[in-house]
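> Take this structure, written in structure tokens, and hold onto it; I'll ask about it next.
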Amino acid sequence: MIDRVRAVNGPQPVLGRERERSLTVRQREILDELGRIFEKGFIDITMADLAARVNCSLRTLYGVAQSRNELVLIVSDRSLRQIGRTAHEAIEEDMSGLEAVRAYLAAATMAVSTITQEFANDMAAVPGGAELHEAHSDYLVDVTHTLLDTAVDNGEIGPVDTAAVARMIAGLGRDFSRPGVMADLASSPKGAADAMVDIVLAGLRAPSRVAPGPRPANRVPHRVQSLL
């Protein structure tokens, strides 16, 4: 299963591998600091403002990126990649396919756990911002699709359009963190996404995998559960 996941192609990095390797320790620290600054919104912040906030020269910042917007894309991409690596590490070889889906998505939705309304609004206005998140979202869908196919192969779930299910559940975190949606949620985007994934996966489980026991009088019939 892990080998199948590793074979899924990820998005191209904003900061190429050669440029990433050429960064100094201080430049890497600055990128981490900028991530915390951008979380609170950044549309009105200039390069000079950023240099002052992280206590570095403009020359140092321009050595990493040529503009504030490029810095935003680099910082966001690095953060998403780190979360992606953590999500991969959450998958263990002895897990079932559905267990792997749950563990992977629970770790991946950390990407939206710190998103604020201000960041979401500003990111939507940055050229290339939507495309960056689209690329990472597509990768998330592809990995989830692979894990669901594994679940089908293992007999954990019956035949189902795994591509459709993957696109639905893997895109929940992104949908719930969109500007205008976050304010309507009773919980955080991550909390809402994790809860909905649990509901969908519970409905997908094959009957033979459900633990036997007395059926409560008010239990929803399995045929209805499978549609959730």
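> Could you check which residue among A108, A130, A170 shows the biggest mean-square fluctuation in a GNM of the chain with a 10 Å Cα cutoff?
The residue with the greatest mean-square fluctuation here is A130.
> Only Lys, Arg, Asp and Glu count, each charged at its Cβ (+1, +1, -1, -1), so figure out the dipole size of the chain about its Cα centre, rounded to 20 debye.
Values: 25 positive and 30 negative charges, 43 e Å.
Once rounded to the nearest 20, the dipole reads 200 debye.
> Can you give the local net charge around H136? Use residues other than it whose beta-carbon is closer than 12 angstrom to its beta-carbon, Lys and Arg +1, Asp and Glu -1.
Values: positive: R78, R81, R174; negative: D77, E131, E134, D138, D142.
Spelling it out: positives minus negatives among the neighbours equals -2.
> Between E29 and V152, what is 0.36 nm times their sequence separation minus the Cα-Cα distance? Round to one decimal in nm.
On the way: separation 123, 0.36 × 123 = 44.28 nm, distance 4.35 nm.
Gain on extension, E29 to V152, equals 39.9 nm.
> Let me ask another. Considering only the other residues whose Cβ falls under 12 Å of the Cβ of I2, what net charge follows from Lys and Arg at +1 and Asp and Glu at -1? Write down the numbers at each step before the final one.
Details: positive: R4, R6; negative: D3, E89, E92, E93, D94.
The answer is -3.
> Under 10 Å, Cα contacts only: if you run a Gaussian network model on the chain, which one of L132, L148, L23 comes out with the highest mean-square fluctuation?
Between L132, L148, L23, it is L23 that shows the largest mean-square fluctuation.
> Still on this model: Normalised radius of gyration for the chain, please: alpha carbon Rg relative to 2.2 N^0.38 Å, two decimal places. Walk me through the numbers before you get to the answer.
Values: Rg = 20.3 Å, N = 228, 2.2 N^0.38 = 17.3 Å.
This ratio for the chain stands at 1.18.
> May I pose another question? Which value in deg cm²/dmol, rounded to the nearest 500, describes the helix-derived mean residue ellipticity at 222 nm for the chain, given -39,500 (n - 2.57) per DSSP H run of n ≥ 4 and division by the residue count? Don't skip to the end; give the middle numbers.
Details: 13 runs with 139 residues, N = 228.
Calculated from helices alone, the mean residue ellipticity at 222 nm is -18500 deg cm²/dmol.
> Are there GluC sites (Glu not before Pro) in the stretch 11-67 that DSSP puts in a loop and that have at most 16 other Cβ atoms within 10 Å, and which ones? All intermediate terms of the calculation are to be shown ahead of the outcome.
Values: sites: E18, E20, E29, E33, E39; in loops: E39.
Listed in order of number, the matching sites are E39.
> A further question follows. Amide H to amide H under 5 Å from R205: which residues, 5+ apart in sequence or cross-chain, H placed 1.01 Å off N in plane?
Amide H neighbours of R205, under 5 Å, 5+ apart: none.
> Please give me, ordered by residue number, the GluC sites (Glu not before Pro) of the stretch 60-156 that lie in loop per DSSP and have at most 11 other Cβ atoms within 10 Å. Each step should come with its number before you reach the end.
On the way: sites: E70, E89, E92, E93, E99, E118, E131, E134, E156; in loops: E92, E93, E156.
When the GluC sites (Glu not before Pro) of the stretch 60-156 are filtered for loop state and at most 11 Cβ neighbours within 10 Å, E92, E93 remain.
> So, counting K/R as plus one and D/E as minus one, what does the shell of residues with Cβ under 14 Å around D44 add up to? Before the final figure, lay out the partial values.
Values: positive: K40, R53, R68; negative: D49, E118, D122.
Summing Lys/Arg as +1 and Asp/Glu as -1 gives 0.
Values in this text are rule-based calculations from the coordinates and carry no lab data. Note that the coordinates shown come from a computational prediction; the quantities given were computed from them, not determined experimentally. Using ideal geometry, Cβ is built from the backbone for each residue, glycine included, and neighbour counts are taken over all protein chains shown.
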